[in-house]
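Asker: Quick one: the structure is below, and I'll ask about it shortly.
Please treat every number below as a calculation from the coordinates, not as lab data. It should be emphasised that the depicted structure is a prediction, and the values quoted were computed from it without experimental measurement. When we count neighbours, we look across all protein chains shown, and the Cβ atoms used for this are built from the backbone with ideal geometry, even at glycine.
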Amino acid sequence: MPRILFLTCAVLWLCNGCGKSPSPSPSASGATNAAASALASEAEFANVLAELTQALRKFSVEKRQVPASLNEMVAAGYIKNLPQAPPGKAFGIDSKNLQVIVR
């Protein structure tokens, strides 16, 4: 009798363990998607800064001066349109390192 009970419990335990693994909850996949989009937007933002810095350096070499603002580069045609800075931040020029920064 104890042997049959043990075998029955063992079979039930194995059957439960072999079932489908639970799918991740929607909130977990939403967090994963949010993290992925945050990384993508960080990469896009890094690309924007790199492009602005490249335009700044080109302007500085060709004009032999550092522009007073990024708007001066837009007016001169080095930047088609100034992209939107992150909320609460603004683009600036680091004239010492000759790069565009976010303040």
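Asker: Please give, to one decimal in nm, the separation of the simple spin-label points placed at residue 48 and residue 76, each 7 Å out from Cα toward the Cβ.
Answerer: Taking the two extended label points, one gets 2.2 nm.
Asker: A follow-up question, please. If you stretched the chain out fully between residue 69 and residue 97, how much longer would it get, using 0.36 nm times the residue separation minus the C-alpha to C-alpha distance?
Answerer: Here the segment from residue 69 to residue 97 would lengthen by 8.6 nm.
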